[in-house]
Amino acid sequence: MVDPDRRTLLAAAAAVAPAALLPAAVQAEPRIVMNDASRLSPTPVFRHWVVPPDPEAQTIAALRDALQAATKQRRPIVVGAARHSMGGQSLARNGLGITFAIDRCEVDRAAGTARVHAGTRWHQVISALDAQGLSPAVMQSNSDFSVGATFSVNAHGWPAPYGPFGSTVRALRLMLADGSVVTASRTEHPELFAMAMGGYGLVGILLELEIAVVENRMMRPRFERMPAGDLARRFTGALRDDPQVKMIYGRLNVTRAELFTEALLVTWRPDAAPPGGLPAATRRGALTGVSREIYRAQIGSETGKKARWFAETVAVPKAATGAFTRNSLMNEPVSNLEGRDRRRTDILHEYFVHPDRFGDFLAACRELIPKARAEFLNVTLRWVAADDLPVLSYSTTDRIAAVMSFSQEITPEGEADMMMLTEALIDRVGAIGGAFYLPYRLHARPDQVRAIYPRAERFAERKRHFDPHGVFRHALWDAYLAD
Ligand SMILES: Cc1cc2nc3c(=O)[nH]c(=O)nc-3n(C[C@H](O)[C@H](O)[C@H](O)COP(=O)(O)OP(=O)(O)OC[C@H]3O[C@@H](n4cnc5c(N)ncnc54)[C@H](O)[C@@H]3O)c2cc1C
């Protein structure tokens, strides 16, 4: 793997190259290796172009030039943002990597929407909305990611009772492979809209999205501890019986010996604003609760895992007497719990199961996870309402989402172990009608992808129609969709 310092230097050098030179610069480039958050996807690229906030017409002209040059040179183009997908979904081998350094968010209060540049990160969106007493309707649990990437993976969050992020997007502007710019929505170019939602940038370059926003409120938590087997019923019951539950998540204990025997359900309801009005959004980790030290002490230690569960289920609820704004809760940086041991990496898995099959999911995890070499650090459970619109939909029915975080050794053994665990979990989740999420390691077998995403072939066929020279391609395309 390339030395990270050298990689940073090379990436920084590429980032300052003037955009105007881009299409002509075909020779004598230094070799640049980009990577994603897993640090397991080093990918040599032709260039990394960080697009500055120039006037829009200039940006569009430069993107068109880049597309033309890439088509002529048969090089792939991939737009990425924070590059927290973990299997090369944001990396173009020997191609052009694009990152927008553009922060734009214009609110239409009457419509309950904001027009946001696709490259805008969620903490930038929150900062713009916070000033107007508004908040994103749905986003992921962390605010480092971009809005375009969130649509491209069709992420989900913990505000309730929503479907994935795409279900809250009204319209978008997309540059296709031929350089044309189209507006797509549920009524205008609906096929492109449904393909780009969860389409991993394979249909075109997202420029702008019109997203739903809601009122920012103070929110107060309520913590309930219960046997894990009761969680699905209590989770769905809380949403069905109490319309005041506006945010919700669950957690399960993760010791190898007693995996998934206990659960914590955390429901959040609106609370009165303090006399001086809502406090400004912070990035101080209102949601995380436990410290990085407690979280990281779980690695290789059953005692550490028990201590974290005690902190989560006893100490934090006791200490959490206050309320937080919705924006502060959603404004969590990834760095809050990030590991610092360069010999290990955090790998996420995500599974979506119907609440009625949640017990079978727990049983499969109890059987498979404790045998793995990887250290299981956390699972967060969410509600995702059905949305069958995206061609690559993972929530064709209402689902409970299980977001799992493992700490993996960066060794061939660590990688093989993770591969085998992932395959086995996907087999079991597929057998109960569930789905798995595509932004993580590409460890699923191609037949598993085809079974769980039955419209994948159709997606690939129509992608080829819109992108006949295959200019938008990356590792996920090559692994599962290209043939
Ligand atoms: C700590 C952590 C927490 C997470 N929490 C959640 C969660 O709560 N819910 C959830 O659903 N997911 C979650 N995820 C997954 C996360 O949503 C995805 O990994 C997402 O892609 C991250 O955004 P990014 O900016 O890093 O995207 P990148 O990895 O940079 O890009 C992701 C995809 O989007 C495409 N893309 C990006 N920008 C554009 C554009 N302008 N035009 C076209 N295509 C584009 C890329 O080509 C790529 O295929 C989490 C991941 C991590 C690491």
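Listed values, structure above:
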item	result
Separation in nanometres of the label points that stand 7 Å from Cα toward Cβ, at R284 and K318	2.2 nm
Base-10 log of normalised Debye intensity for region 385-439 (one unit scatterer per alpha-carbon) at q = 0.22, 0.27, 0.29 Å⁻¹	-0.93, -1.15, -1.23
Under-29-angstrom lysine pairs by C-alpha in the chain, whenever the two are 8 or more apart or on separate chains	6
Dipole moment magnitude, nearest 20 debye, the chain about Cα centre, only Lys, Arg, Asp, Glu C-beta charged	500 debye
Sites D427 and A386, calculated FRET efficiency, Cβ-Cβ separation with R0 25 Å, nearest 0.05	0.60
Fewest-first ranking of C105, C365, using other Cβ atoms within 10 Å as the exposure measure	C105, C365
Approximate spin-label separation D483-D178, in nm, with each point projected 7 Å along Cα-to-Cβ	3.1 nm
13 Å beta-carbon shell around N253, net charge (K/R +1, D/E -1)	+3
Relative contact order for the chain, counting Cα pairs under 8 Å that sit 6 or more residues apart, in percent	15 percent
Whole-number D in µm² s⁻¹ for region 295-453, Kirkwood Cα-pair radius fed into Stokes-Einstein, 20 °C, 1.002 mPa s	124 µm²/s
Debye intensity ratio in log₁₀ form over the Cα atoms of region 105-215, taken at each q of 0.16, 0.21 Å⁻¹	-0.64, -1.11
Computed [θ] at 222 nm, helices only, for the chain once each DSSP H run of length n ≥ 4 contributes -39500 (n - 2.57)	-8000 deg cm²/dmol
Ranked packing of 207-215, 58-66, 122-130, most packed first, by mean Cβ within 10 Å	122-130, 207-215, 58-66
Positive-end residue, the chain charge dipole about Cα centroid, Cβ charges, pick of L172, L377, L202	L377
Neighbour-count ranking [beta-carbon atoms within 10 angstrom, fewest first] of E415, E367	E367, E415
Radius, Kirkwood style, for the chain when every pair of distinct Cα atoms is counted (Å)	23.0 Å
Inter-label distance, nm, simple model (7 Å from Cα along the C-beta direction), R220/A307	3.3 nm
Centre separation in Å (Cα based) which lies between region 44-83 and region 306-353	36 Å
Kirkwood Rh and Cα Rg combined as Rg/Rh, region 187-267	1.16
Size of electric dipole in region 341-397: Cβ of Lys, Arg +1 and of Asp, Glu -1, about Cα centre, debye, nearest 20	400 debye
Dipole axis of the chain (+1 Lys, Arg; -1 Asp, Glu on Cβ), positive-most option in G433, A451, L91	L91
Sorted by Cβ density within 10 Å, fewest first, the residues R121, R342, R382	R342, R121, R382
Gain upon complete extension [A257, K72; 0.36 nm per residue less C-alpha separation]	60.9 nm
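Read the figures in this text as sums done on the coordinates, not as results from a lab. Computed from a predicted structure; not experimentally measured. Counting neighbours? That spans all protein chains shown, and the Cβs are built from the backbone with ideal geometry, glycine included.
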